[in-house]
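The values are calculated or read from the model by the stated rules, or taken from the named source; none is laboratory data. Note that the structure is a prediction, hence the values are computed from the model and not measured. So basically every Cβ, Gly included, is an ideal-geometry build from the backbone, and we count neighbours across all protein chains shown. For accessibility, only protein heavy atoms count, side chains too; no ligands or nucleic acids. Shrake-Rupley method; radii C 1.70, N 1.55, O 1.52, S 1.80 Å.
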Amino acid sequence: MSIVTVQLGQCGNQIGFEVFDALFNDSHCPGGLCSKRENEAYQASCKERFFSEEENGVPVARAVLVDMERKVISQTLSKAARSGRWKYGQHSCFCQKQGSGNNWAYGYSVHGPRHKESIMNLIQKEVEKCDSLSGFFIIMSMAGGTGSGLGAFVTQNLQDQYSSALKMNQIIWPYGTGEVIVQNYNSILTLSHLYRSSDALLVHENDAVHKICAKLMNIKQISFCDINQVLAHQLGSVFQPTYSREGSFHYRRNPLGDLMENLVPHPEFKMLGVRNIPQMSENSLAYSTFTWAGLLKHLRQMLISNAKMEEGIDWQVRPPLSGLPPLGKMSVNKETHFNTSIANLVILRGKDVHSADVGAFKDPALYTSWLEPVHAFNVWKTQRAFRKYEKSAALVSNSQSLVKPLDMIVGKAWNMFASRAYLHQYTKFGIEEEDFLDSFTLLEQVIASYCNL
């Protein structure tokens, strides 16, 4: 089954390019530590998901590119074409001459309705090229205007038009220090609208990815390109093919459906995060060896202590003893807190993968009381290595890890709203105070639900 990717705004288009490039490069990596036949099956599965073939034999990304300014889309198209290995479709782009000026309301209320027909037609054409549609993967930021405002509008229309297809939004959480003065407004409006129309929100925090670039990848001058490549690596490690079940050598056919089934057991809880191990520069990789036991021990501690990378993990955090009541519900202000999960999916790739023991992730103490580990935890495996890592593990988790950043964004937005700062920029495009209040109410409920796990 195929996934149609919708890249929205500058951020969505730049990340989208890196994701397709990472997927293609990985699936055409020589060897992959597995048999030729297995490698060919892996390539075919990746291609069915993300690429379609054109007459001249160059794979074409199953993607629609949308931005209100031409520059980034032109750069993205030419970068893909220059690679000579894959490209975007000739008629898969929509752009205009005027952006959204970092105004969510302009993207949602002006650009959205004005260009709805053109954008939805492009998406429909892409859907028609799929033998079988798994769903939509929508890449966007929360802080700007086009990705966030238009992204929320497009997601809503996908929900109306393709109600039975799954929709996963990959959203980029802005830097805490701020890129845009109204980023907290844009963020709460984006999140509240997506919560109503998307099936799952896969969140990446810019601050966390920046730290990975600095500490693990040893990059001195960090660019957006570096950040996007780390994001693409993490997304590739989730979306590349894995076996459909233990002992099987057939790859999963419905990646989005399987992800949702494993990770979103209730519509109140749909915020997902990704952790990867190991993640390092190529130079360091040449001198490193890993065991499954070591990787999984670190990954589990990253989960329960809410660490985004393996450096600087707090090893003092321990799960509450099974069978004892917790010492009270999570407070968003508590510094070191055990990170309770609703659902976890561990994805293992590489040598001797069938010997990896994931028993530690089945501890009931890791999960909310209303879900048994047998329903809350899953593992996917393949012997096919990912990129140049002999062994690698990814963890997709639905847990309390985003409560604190969400609470901070809602708090900052509320302080601005209480003093009516910049509201006129939104009301003049039809977003009323009532819309803000609805967003605050919905997100406060989400925070409360996660805190009470």
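General remarks:
- Boolean, Thr427 is under 21 Å from Ile171 (Cβ atoms) and surrounded by fewer than 17 Cβ atoms within 10 Å (Cβ to Cβ): no
- Qualifying residue in the range 173-185 (condition: closer than 17 Å to Arg275 by Cβ, modelled with pLDDT under 95 and either in a helix (DSSP H, G or I) or of a type outside the set (Asp, Glu) (or both)): yes
- Residue count for the range 208-226 under the criterion of being open to solvent by 50 Å² or more (accessible area, probe 1.4 Å), assigned to a helix (DSSP H, G or I) and out of contact with any Cys (no Cβ under 9 Å at 6 or more places or on another chain): the result is 4.
- Filtered residues of the range 61-71 (kept if touching a strand residue (DSSP E or B) at 6+ places or on another chain (Cβ under 6 Å) and either polar (S, T, N, Q) or surrounded by fewer than 21 Cβ atoms within 10 Å (Cβ to Cβ) (or both)): Arg70
- Subset of the range 240-261 [part of a helix (DSSP H, G or I) and either in contact with a Lys or Arg (Cβ under 7 Å, 6 or more places away or on another chain) or buried (at least 22 other Cβ atoms within 10 Å of the Cβ) (or both)]: Pro255, Leu256, Asp258, Leu259
- Residues satisfying the stated conditions in the range 352-409, i.e. closer than 26 Å to Phe290 by Cα and among the acidic types (Asp, Glu): Asp352, Asp357, Asp363, Glu390
- Test: residue in the range 378-388 that is assigned to a helix (DSSP H, G or I) and not β-branched (Val, Ile, Thr): no
- Checking each residue in the range 114-172 for being polar (S, T, N, Q) and closer than 22 Å to Lys270 by Cα picks out Ser134, Ser141, Ser148, Thr155, Gln156, Asn157, Gln159, Gln161, Ser163, Ser164, Asn169, Gln170.
- Residue count for the range 25-49, restricted to those that are under 15 Å from Lys388 (Cβ atoms) and surrounded by 21 or more Cβ atoms within 10 Å (Cβ to Cβ): 3.
- Restricting Arg114, Arg85 to those that are part of a loop (DSSP other than H, G, I, E, B) and open to solvent by 60 Å² or more (accessible area, probe 1.4 Å) reduces the list to Arg85.
- Residues that are open to solvent by 10 Å² or more (accessible area, probe 1.4 Å), in contact (Cβ under 8 Å) with a residue 40 or more places away in the chain and either out of contact with any strand residue (DSSP E or B) (no Cβ under 7 Å at 6 or more places or on another chain) or of a type in the set (Ser, Thr, Tyr) (or both), drawn from the range 145-173: Thr146, Phe153, Gln156, Asn157, Gln161
- Condition check for Phe417: buried (at least 22 other Cβ atoms within 10 Å of the Cβ), assigned to a helix (DSSP H, G or I), on the phi < 0 side of the Ramachandran plot and in contact (Cβ under 8 Å) with a residue 60 or more places away in the chain: no
- Checking Ile139, Ile123 one by one, the residue that is hydrophobic (A, V, I, L, M, F, W, C), assigned to a helix (DSSP H, G or I) and within 25 Å of the chain's Cα centre (by Cα) is Ile123 and no other.
- In the range 434-451, the qualifying residues are those that are more than 24 Å from the chain's Cα centre (by Cα) and touching a residue at least 12 places away in the same chain (Cβ under 8 Å), and the one that is nearest to Gly112 (Cα to Cα) is Asp435.
- Comparison of Ser74, Ser52 shows that the only residue that is within 30 Å of Gly257 (Cβ to Cβ), surrounded by fewer than 22 Cβ atoms within 10 Å (Cβ to Cβ) and polar (S, T, N, Q) is Ser52.
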